[in-house]
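**Student:** Structure below; questions to follow.
The values are calculated or read from the model by the stated rules, or taken from the named source; none is laboratory data. All figures in this text were calculated on a predicted structure; none of them were measured in a lab. Note: ideal-geometry Cβ built from the backbone for every residue, glycine included; neighbour counts use all protein chains shown. Side chains are part of the model used for accessible areas, which takes the heavy atoms of the whole protein and leaves out ligands, DNA and RNA. Shrake-Rupley method; radii C 1.70, N 1.55, O 1.52, S 1.80 Å.
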Amino acid sequence: MRRLEQKVAIVTGGSRGIGASVARRLASEGARVVLNYVQNAQAAEEVAASIRAAGGEVLTVRANVGEEPQMQALFATTLERYNRLDILVNNAAAFGSNPLEAIDRAQFQQLVDVNIWGLIVGCRLAGRHMVNGGRIINFSSIGAHKGFAGGGLYAATKAAVESLTRTAATELAPRDITVNALIIGQVATDMASEVPLEMRRQIAAQTLIGKMGRPDDVSGVVAFLASEDARWVTGQALGVNGGYLMR
């Protein structure tokens, strides 16, 4: 018996990288996946095709998580199609790298809208529509715990993710909904390629395991947190970073 049989999961930012891996893994565990994307419809459909080819069920929905009406439409489409929601994976994120003196208002607003406001709206809508005993998994970053030059704004939004995770876990506990965050390290994705190569090498060398992660190193942990096995885990920020924060 697959652990997530017949459950319904929304995965934001599911067209590439970690999000795509999460969507595939949840589908392989039996979940019916609503795969959200915002720009690359072709990439989203390619992920969806791979899920269907493996016998899974998936629905692709375009929505910018930083825009509340579009998030509302994402949830409405999910409920109209499946009449339930069990799992929300808040994976979508905006990334920016600038020293503090170079950050402008537009970049600030973009990262806050997607990384913080989108998460708040997602948790709020999940709290309204998710079944009792549901699961919310948010994504933080090692940047929230280490000061990387040029990464201050992104790091600040990820620190907010961890704080909001604890708040949401407290507020949704009466409905037995668990809310957890993953502190993600350096993973080989398109977003990671925006980090300078030398910095990526340094981060990988500073992990206890001594290498970058892969998307499926993260998606397996997401599948655990989404399952009944993690029913007594909530309000936590779990390190999925090769031991980077232990060095």
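**Student:** Could you go through segment 177-187 and let me know if any residue there is in contact with a helix residue (DSSP H, G or I) (Cβ under 6 Å, 6 or more places away or on another chain), open to solvent by 30 Å² or more (accessible area, probe 1.4 Å), farther than 19 Å from Gly243 by Cα and at pLDDT 95 or above.
**Tutor:** No - not one qualifying residue is present in segment 177-187.
**Student:** Among the residues of segment 113-134, write down those that are open to solvent by 20 Å² or more (accessible area, probe 1.4 Å) and part of a loop (DSSP other than H, G, I, E, B).
**Tutor:** Val131, Asn132, Gly133 - these are the residues of segment 113-134 that are open to solvent by 20 Å² or more (accessible area, probe 1.4 Å) and part of a loop (DSSP other than H, G, I, E, B).
**Student:** Can you find, within segment 143-153, the residue that is most open to solvent (accessible area, probe 1.4 Å) among those that are assigned to a helix (DSSP H, G or I) and out of contact with any Leu (no Cβ under 6 Å at 6 or more places or on another chain)? Talk me through it step by step, then tell me what you get.
**Tutor:** Within segment 143-153, the subset assigned to a helix (DSSP H, G or I) is 143-144, 152-153.
Next cut, out of contact with any Leu (no Cβ under 6 Å at 6 or more places or on another chain) only: 143-144.
Values: Gly143: 9, Ala144: 31 Å².
Ranking the candidates gives Ala144 first.
**Student:** Just give me the residues in segment 72-96 being among the hydrophobic types (A, V, I, L, M, F, W, C) and either over 16 Å from Gln6 (Cα atoms) or in a helix (DSSP H, G or I) (or both), in sequence order.
**Tutor:** Here is the first cut: in segment 72-96, the residues among the hydrophobic types (A, V, I, L, M, F, W, C) are 73-76, 79, 85, 87-89, 92-95.
Passing the criteria: Ala73, Leu74, Phe75, Ala76, Leu79, Val89, Ala92, Ala93, Ala94, Phe95.
To keep it simple, each residue is scored yes or no on (1) within 23 Å of Leu225 (Cα to Cα); (2) assigned to a loop (DSSP other than H, G, I, E, B); (3) open to solvent by 40 Å² or more (accessible area, probe 1.4 Å).
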{"site": "Leu4", "(1), (2), (3)": "yes, yes, no"}
{"site": "Ala23", "(1), (2), (3)": "yes, no, no"}
{"site": "Val34", "(1), (2), (3)": "yes, no, no"}
{"site": "Ala49", "(1), (2), (3)": "no, no, yes"}
{"site": "Gly55", "(1), (2), (3)": "yes, yes, yes"}
{"site": "Val61", "(1), (2), (3)": "no, no, no"}
{"site": "Gln70", "(1), (2), (3)": "no, no, yes"}
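**Student:** If I filter segment 212-247 down to residues being open to solvent by 70 Å² or more (accessible area, probe 1.4 Å) and either modelled with pLDDT under 95 or in a loop (DSSP other than H, G, I, E, B) (or both), which single residue comes out as farthest from Asn180 (Cα to Cα)?
**Tutor:** Arg247
**Student:** In a helix (DSSP H, G or I), out of contact with any Cys (no Cβ under 6 Å at 6 or more places or on another chain) and either free of Cβ contacts under 8 Å to residues at least 60 places away in the same chain or farther than 21 Å from Ala31 by Cβ (or both), is that true of Ala156?
**Tutor:** Working: in a helix (DSSP H, G or I): yes; out of contact with any Cys (no Cβ under 6 Å at 6 or more places or on another chain): yes; either free of Cβ contacts under 8 Å to residues at least 60 places away in the same chain or farther than 21 Å from Ala31 by Cβ (or both): yes.
So Ala156 passes the test.
**Student:** A further question follows. Any residue at all in segment 199-211 that's crowded, with 19+ Cβ neighbours inside 10 Å and small (Gly, Ala, Ser)?
**Tutor:** No.
**Student:** Also, quick follow-up: If I go through segment 159-183 residue by residue, how many of them are part of a helix (DSSP H, G or I) and either in contact (Cβ under 8 Å) with a residue 24 or more places away in the chain or more than 20 Å from Gly13 (Cα to Cα) (or both)? Outline the logic, then answer.
**Tutor:** Taking segment 159-183 first, the residues part of a helix (DSSP H, G or I) are 159-175.
With the extra rule that they be either in contact (Cβ under 8 Å) with a residue 24 or more places away in the chain or more than 20 Å from Gly13 (Cα to Cα) (or both), the set shrinks to 160-175.
The number of residues fulfilling the criteria is 16.
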